[in-house]
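Enquirer: Here you go, one structure.
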Amino acid sequence: MDLFDKLKELRQNGLDEIKKASDEKKLNEVRVELVGKKSELTNILHSMKEVAPEQRREVGQKVNEIRDLFNSHLNAAKDEILAKVIAKKMEEERIDVTLPGRKGHLGSKHPINIILDDLENFFIGMGYKVVQGPEVETDHYVFEMMNLPKDHPARDMQATFYIDDENLLRSQTSGDQARVLEKHDFSKGPLKMVGPGKVYRRDDDDATHSHQFMQMEGLVIDKNITMSDLKGTLELIAKHVFGQDREIRLRPSYFPFTEPSVEMDVSCFKCNGKGCAICKYTGWIEVLGAGMVHPNVLENAGVDSNVYGGFAFGLGLDRFAILKYGVTDIRDFYTNDVRFLEQFRKEED
Ligand code: FA5
């Protein structure tokens, strides 16, 4: 075949191959084949000496022309392939900004924390300060300072988890009273505090008892505080949490750190006072213990009981939550069932 025919054929085949290359990889292979170092065109240039001298110039020109043509077609094909790749990617990753967003799942406040925060605000509004004592407490603060010397029979009222002879998991928040009393400077005014926190007891778990629960201690000490101040405060708490309708009653009771002592019951939410399994057929659920602070507690903390006196209370936040929300088993607060907890979600959460 004549060299010029060969070049013509090479040109046509090359252009066809460029057209057929469907992706960048194929196109690169075609580029190597058509204009690379070992391509047919380069071979022709290298073997120019075999071409008749009068044809060399024209052959050279033709080869260069074809190579330029290939290069410009290869570049155009490359641009086209890239444009297609980008268009495909854009189509696949298209974001519809008008679609509504997906709402992230937020947790909700635990019902006991709802009551706790509410009560803290309630007491702060009445001028109380909020204190926090340690959960791993000493026998000294939980019992001895609270008028419960070692071997006092009333220690059995609270089955306590001891860590060693002196340290324990506190069975009541009353130790907070002693800690604050010791430090309070009465020349600067009366003492009004609440101390919320976890407590632990070797109680058998049932619908209204847990081995771990939350208490909130309250203490008010000043001159001339009377039992009617205590009664008024307890009624205010009950009305604030349970509203006007739920009935409350105060019963005489015994605590070594108060004299006289009372316990407050709230009518059972389930049977409305008629008696059911939850209230153990009494119609009432006990929510707190309280009383006038025993002079020994004041004296143990270095406070003159002839001048100062006051009241204290210790309320069970779990019981408050049970009664407020109509929860039939205290253990629901501690089993972390999201379906249970979500019932307490507020609309704005
Ligand atoms: C006391 O713990 C006293 N420290 C309260 C007190 C403070 C009296 C200051 C006087 C002055 P009591 O053991 O009754 O008292 O517990 C107080 C409240 O905690 C109870 O009324 C009840 O609401 C709650 N409570 C007691 N045991 C449990 C339990 N196992 N599970 C859940 N709540 C409990």
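The values are calculated or read from the model by the stated rules, or taken from the named source; none is laboratory data. All of these numbers come straight from a predicted model, not from anything done at the bench. Positions of Cβ are backbone-derived with ideal geometry, glycine not excepted, and every protein chain shown enters the neighbour counts.
Enquirer: So Ala321 clears everything in (1) touching a Pro at 6+ places or on another chain (Cβ under 6 Å); (2) not in a helix (DSSP H, G or I) except one condition, right? Which one?
Expert: So the condition that Ala321 fails would be (2).
Enquirer: List, please: which pairs have Cβ atoms under 6 Å, are six or more places apart or on different chains, and start with a residue in the stretch 14-25 that is under 22 Å from Val63 (Cα atoms) and end with one that is of a type in the set (Phe, Trp, Tyr)?
Expert: Gly14/Phe70
Enquirer: A further question follows. Test Ser261 against the stated conditions and say whether it is within 13 Å of the ligand (Cβ to nearest atom), at pLDDT 95 or above and hydroxyl-bearing (Ser, Thr, Tyr).
Expert: yes
Enquirer: Within the group Arg201, Arg155, Arg179, which residue is away from the ligand (no atom under 11 Å from the Cβ) and touching a residue at least 40 places away in the same chain (Cβ under 8 Å)?
Expert: On inspection, the qualifying residue turns out to be Arg179.
Enquirer: Still on this structure, I have one more. Taking Lys25 as meeting all but one of (1) loosely packed, with under 15 Cβ neighbours inside 10 Å; (2) over 21 Å from Ser72 (Cβ atoms), write down the number of the exception.
Expert: (2)
Enquirer: While we're on this one: So how many residues does the stretch 37-58 have that are in contact with a helix residue (DSSP H, G or I) (Cβ under 6 Å, 6 or more places away or on another chain) and under 17 Å from Asp2 (Cβ atoms)?
Expert: Selection size over the stretch 37-58: 6.
Enquirer: Any residue at all in the stretch 88-103 that is under 30 Å from Val35 (Cα atoms), out of contact with any Ser or Thr (no Cβ under 6 Å at 6 or more places or on another chain) and either in a helix (DSSP H, G or I) or of a type outside the set (A, V, I, L, M, F, W, C) (or both)?
Expert: Yes, some residue in the stretch 88-103 is under 30 Å from Val35 (Cα atoms), out of contact with any Ser or Thr (no Cβ under 6 Å at 6 or more places or on another chain) and either in a helix (DSSP H, G or I) or of a type outside the set (A, V, I, L, M, F, W, C) (or both).
Enquirer: Might you check whether a residue that is more than 12 Å from the ligand (Cβ to nearest atom), modelled with pLDDT of 95 or more and of a type in the set (Lys, Arg) occurs anywhere in the stretch 139-151?
Expert: no
Enquirer: Return the residue satisfying two criteria in turn: it lies in the stretch 92-129 and is surrounded by 15 or more Cβ atoms within 10 Å (Cβ to Cβ) and β-branched (Val, Ile, Thr), and of such residues it is farthest from the chain's Cα centre (by Cα).
Expert: Across the stretch 92-129, the extreme among qualifying residues is Ile115.
This table checks each residue for (1) more than 10 Å from the ligand (Cβ to nearest atom); (2) modelled with pLDDT of 95 or more; (3) at positive phi.
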residue	(1), (2), (3)
Gln212	no, yes, no
Leu219	no, yes, no
Met227	yes, yes, no
Gln244	yes, no, no
Pro256	no, yes, no
Cys268	yes, no, no
Gly275	yes, no, yes
Lys280	yes, no, yes
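Enquirer: Still on this structure: Among the residues of the stretch 182-197, are any without any contact (Cβ under 8 Å) to a residue 60 or more places away in the chain, within 12 Å of the ligand (Cβ to nearest atom) and out of contact with any Lys or Arg (no Cβ under 6 Å at 6 or more places or on another chain)?
Expert: Scanning the stretch 182-197 turns up no residue that is without any contact (Cβ under 8 Å) to a residue 60 or more places away in the chain, within 12 Å of the ligand (Cβ to nearest atom) and out of contact with any Lys or Arg (no Cβ under 6 Å at 6 or more places or on another chain).
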